[in-house]
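A.B. asks: Questions regarding the structure given below will be posed in turn.
The values are calculated or read from the model by the stated rules, or taken from the named source; none is laboratory data. These numbers come from a predicted model, not from an experiment. A quick note on method: Cβ atoms are made from the backbone with ideal geometry, for glycine too, and the neighbour counts reach across all protein chains shown. We work out accessible area using only protein heavy atoms, side chains counted, and drop any ligands, DNA or RNA first. Shrake-Rupley method; radii C 1.70, N 1.55, O 1.52, S 1.80 Å.
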Amino acid sequence: MLKGKTALITGGASGIGLAAAKLMHANGARVVIAGRDADKLEAARREIGEEVHALQVDVLSRQSLVTMASKIKEALGGLDVFFANAGVAYVTPLATTTEDAYDTLMDTNVKSVFFSLQAMEPILRAGASVILNTAWLNQVGVPGRAALSASKAAVRSFARTFSAELLDRQIRVNAVSPGLIDTPILRGVGQSEHPGQTDAEFKKYLAGAAKLIPFGRLGRPDEIAAAVLFLASDASGYMLGSELVIDGGLAEL
Ligand SMILES: NC(=O)c1ccc[n+]([C@@H]2O[C@H](COP(=O)([O-])OP(=O)(O)OC[C@H]3O[C@@H](n4cnc5c(N)ncnc54)[C@H](OP(=O)(O)O)[C@@H]3O)[C@@H](O)[C@H]2O)c1
């Protein structure tokens, strides 16, 4: 589905990003994964395939993003697919959240998506597909998730505006909206909600969360990757500014 295309995935060394990188690679794309942690990147590169490119980037730094874009341009010429996937998740209760915690979440999930796309836009080829990662929380209110939900609502909005803005370059922007997906990010959510949570308590916490999902279980990263692959490919060529919800019914039923 992606033969001859070059794809960049931020946060590509774990969870949803890693699953998407694997699937795009299996479907013929030249893949670049990017993240902060060099060891995780190297392990992911080995797992996907030696030919995969791994670049260290901090999406919070505009300069780091611009440097990454020029490295990709030099090594691979440009991009056909950009999955802006890097993000963080933790609770921010109204009464106790610090300014730093609020800013880090908003900066990583919102500002970084804006400046990631600003940095990559010059190297996106005509006909490129950009996929943003929003979340089921953009539709519902859950206690303690004000900043996280608002950040993902902003990302949902970006998909619409950037689609309109980049249409004259024939660049499509769409979003995936995962439900609760079994990835490392959930451990951090659990810890932020229940500091000192043990592994056993975390297991119970996940089991409790699964009961809230109409489908009866958490989602898997490969289930989001399948939607990302579809949005990356020409099969979704008439989709602009849209959101694919893959949440086992969590926000929809
Ligand atoms: N899992 C879910 O239930 C769920 C639900 C809805 C939406 N999502 C979204 O899915 C995306 C991926 O999350 P995940 O669930 O796959 O969790 P994950 O495995 O923890 O992935 C998050 C990735 O983001 C990267 N990242 C975070 N801050 C970064 C920074 N400043 N610079 C560069 N990379 C950074 C991390 O890389 P490093 O460790 O190298 O920094 C990590 O690979 C996130 O945007 C998340 O909000 C997840």
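A.B. asks: What residue, of 5, 22, is within 13 Å of the ligand (Cβ to nearest atom) and open to solvent by 20 Å² or more (accessible area, probe 1.4 Å)?
C.D. replies: Among 5, 22, only 22 is within 13 Å of the ligand (Cβ to nearest atom) and open to solvent by 20 Å² or more (accessible area, probe 1.4 Å).
A.B. asks: Now, a different point. Out of (1) surrounded by fewer than 23 Cβ atoms within 10 Å (Cβ to Cβ); (2) out of contact with any helix residue (DSSP H, G or I) (no Cβ under 6 Å at 6 or more places or on another chain); (3) aromatic (Phe, Trp, Tyr), what's the single condition that is false for residue 202?
C.D. replies: Condition (2) is where residue 202 drops out.
A.B. asks: Ok, one more. Test residue 99 against the stated conditions and say whether it is farther than 30 Å from residue 78 by Cα, modelled with pLDDT of 95 or more and open to solvent by 70 Å² or more (accessible area, probe 1.4 Å). Spell out the reasoning first.
C.D. replies: Details: farther than 30 Å from residue 78 by Cα: yes; modelled with pLDDT of 95 or more: yes; open to solvent by 70 Å² or more (accessible area, probe 1.4 Å): yes.
Taking the combined requirement at face value, the residue satisfies it.
A.B. asks: Could you look through the range 163-195, keep only residues that are under 30 Å from residue 127 (Cα atoms) and free of Cβ contacts under 8 Å to residues at least 60 places away in the same chain, and pick out the one that is farthest from the ligand (Cβ to nearest atom)?
C.D. replies: 168
A.B. asks: Which one of these does residue 92 not meet: (1) more than 14 Å from the chain's Cα centre (by Cα); (2) of a type outside the set (A, V, I, L, M, F, W, C); (3) under 16 Å from residue 131 (Cα atoms); (4) open to solvent by less than 20 Å² (accessible area, probe 1.4 Å)?
C.D. replies: Checking residue 92 against (1) more than 14 Å from the chain's Cα centre (by Cα); (2) of a type outside the set (A, V, I, L, M, F, W, C); (3) under 16 Å from residue 131 (Cα atoms); (4) open to solvent by less than 20 Å² (accessible area, probe 1.4 Å), the one that fails is (3).
A.B. asks: If you scan the range 182-198, which residues turn out to be outside any helix (DSSP H, G or I) and either among the acidic types (Asp, Glu) or open to solvent by less than 30 Å² (accessible area, probe 1.4 Å) (or both)?
C.D. replies: Within the range 182-198, the subset outside any helix (DSSP H, G or I) is 182-184, 194-198.
Result: 182, 183, 197.
A.B. asks: Which is more than 9 Å from the ligand (Cβ to nearest atom), within 20 Å of residue 221 (Cβ to Cβ) and of a type in the set (Lys, Arg), of 30, 36, 46, 62? Reasoning before the result, please.
C.D. replies: Working: 30 fails: within 20 Å of residue 221 (Cβ to Cβ); 36 fails: more than 9 Å from the ligand (Cβ to nearest atom); 62 fails: within 20 Å of residue 221 (Cβ to Cβ).
Result of the check over 30, 36, 46, 62: 46.
A.B. asks: May I ask you to say which residue of 210, 227, 175 is modelled with pLDDT of 95 or more, farther than 22 Å from residue 113 by Cβ and open to solvent by less than 70 Å² (accessible area, probe 1.4 Å)?
C.D. replies: On the way: 227 fails: farther than 22 Å from residue 113 by Cβ; 175 fails: farther than 22 Å from residue 113 by Cβ.
On inspection, the qualifying residue turns out to be 210.
A.B. asks: Can you tell me which of 129, 112 is more than 14 Å from the ligand (Cβ to nearest atom), touching a Leu at 6+ places or on another chain (Cβ under 9 Å) and either at pLDDT 95 or above or among the β-branched types (Val, Ile, Thr) (or both)? First the steps, then the outcome.
C.D. replies: On the way: 112 fails: more than 14 Å from the ligand (Cβ to nearest atom).
Answer to the check: 129.
A.B. asks: Tell me the residue from 192, 163 that is small (Gly, Ala, Ser) and more than 22 Å from residue 88 (Cβ to Cβ), please.
C.D. replies: Details: 192 fails: more than 22 Å from residue 88 (Cβ to Cβ).
Testing whether each residue is small (Gly, Ala, Ser) and more than 22 Å from residue 88 (Cβ to Cβ) leaves just 163.
A.B. asks: Related question: Within the range 105-130, work out how many residues are surrounded by fewer than 18 Cβ atoms within 10 Å (Cβ to Cβ), outside any strand (DSSP E or B) and in contact with a strand residue (DSSP E or B) (Cβ under 9 Å, 6 or more places away or on another chain).
C.D. replies: 0
A.B. asks: Of the residues in the range 123-160, how many are farther than 20 Å from residue 88 by Cβ and under 13 Å from the mean Cα position of the chain (by Cα)?
C.D. replies: Count: 1.
A.B. asks: Related question: From the list 23, 18, 55, 8, pick out the single residue that is within 18 Å of residue 81 (Cα to Cα) and touching a Lys or Arg at 6+ places or on another chain (Cβ under 7 Å). Walk me through it before giving the result.
C.D. replies: Numbers: 23 fails: touching a Lys or Arg at 6+ places or on another chain (Cβ under 7 Å); 18 fails: touching a Lys or Arg at 6+ places or on another chain (Cβ under 7 Å); 8 fails: touching a Lys or Arg at 6+ places or on another chain (Cβ under 7 Å).
None of the others qualify; the one that does is 55.
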